[in-house]
């Protein structure tokens, strides 16, 4: 998915500004920064208590420079040695800066001592059990001397975090610091994510600006204004990629009245109900679930499911987002207001020119809006020419966190479709 942990060293100065009536200075880059940041503090016996108290002070100093709140930056933390703090300081407790500052103490993040430094267990726990938001910057800050009892396990867990778009920073502390261990944990390039200096006060002033400058996948500004049935459909290929984009889109909208009801038709989602909310996606959708093969039978079945889903609640506006290829565009025989097609090279193999022609004819006949999303296509211009579609988007095979501009534009176009009073896009959406 699209999100990041960070390890780093920065030499740039930070600019401070007052935020509202709060007298605490917040780094300018951090104002309204949407981010989840989690601190992992090494408290094994190689870290003397005097250093550990400095670590807590360091965390407080960083927090003072962040824009804390449910809608912006959330902070969590734990200490580790043989094991780790249970329960940790959770991200969803970040209601205010003062509350977070009060929570950073020896009670909530105790000095554990211990003969082992099980960094891998702490990394795994944070990666698997902490509720990070989708589509936002994800950061881990590991404060350690670099030593790890099971170095191979630590390296493996750090790589898994990197693969899941965590940005991992490492801050060196203690009398003896092992930089090789820090490099095994930190994101790449190491020089941007490792702070190995005896002066934590310097890191306190540098780290916030560095962290807050990380790219967010994107956070949109779409306010949902009316009831809508939003159906996501993905063909047998690239379900997990489509699901990542779905999560990013869902996190880009504001829907306090829960106007949007979701339907999910993906192979990795097992029989979800037809009216589901985002906090329920995880019950039914598992990325490791088997995905079928793109063939006529599987796509015909998918079209029938979509036909049944869009036949209900006819008085409510319907928007269908399809992550797929032209071979699945037979779903266009349904009279829906908006159609978004996701295409990847694998399913494109099954495309037929006649399908494109049929789709364009239906578009002209019924007046629905068609948005096209390619996934990893090498030549988007060819697809545009085939479909004669202006509203065409394409994400490449790289990390989604680096494609925020495309995803933002794509989400805004869907937002216009949701909020439009007629099938035509283009009405104003906040």
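The numbers here are math on the coordinates, done by the rules we state, and not lab data. These figures come from a predicted structure and were not determined experimentally. Using ideal geometry, Cβ is built from the backbone for each residue, glycine included, and neighbour counts are taken over all protein chains shown.
Taking the beta-carbon count within 10 Å as an exposure proxy, list 244, 275 from fewest neighbours to most.
Ascending Cβ contact count within 10 Å gives the list 275, 244.
Within 10 Å, count the other beta carbons around each residue, average over each peptide in 414-420, 222-228, 37-43, 267-273, and list them highest first.
Answer by packing, highest mean first, reads 37-43, 414-420, 222-228, 267-273.
Could you put 33, 64, 188, 138 in order, starting from the residue whose Cβ has the fewest other Cβ atoms within 10 Å?
By the 10 Å Cβ count, ascending: 188, 64, 33, 138.
Packing-wise, with mean Cβ within 10 Å as the measure, how do 277-283, 405-411 rank, highest first?
Going by the mean number of other Cβ atoms within 10 Å, highest first, we get 405-411, 277-283.
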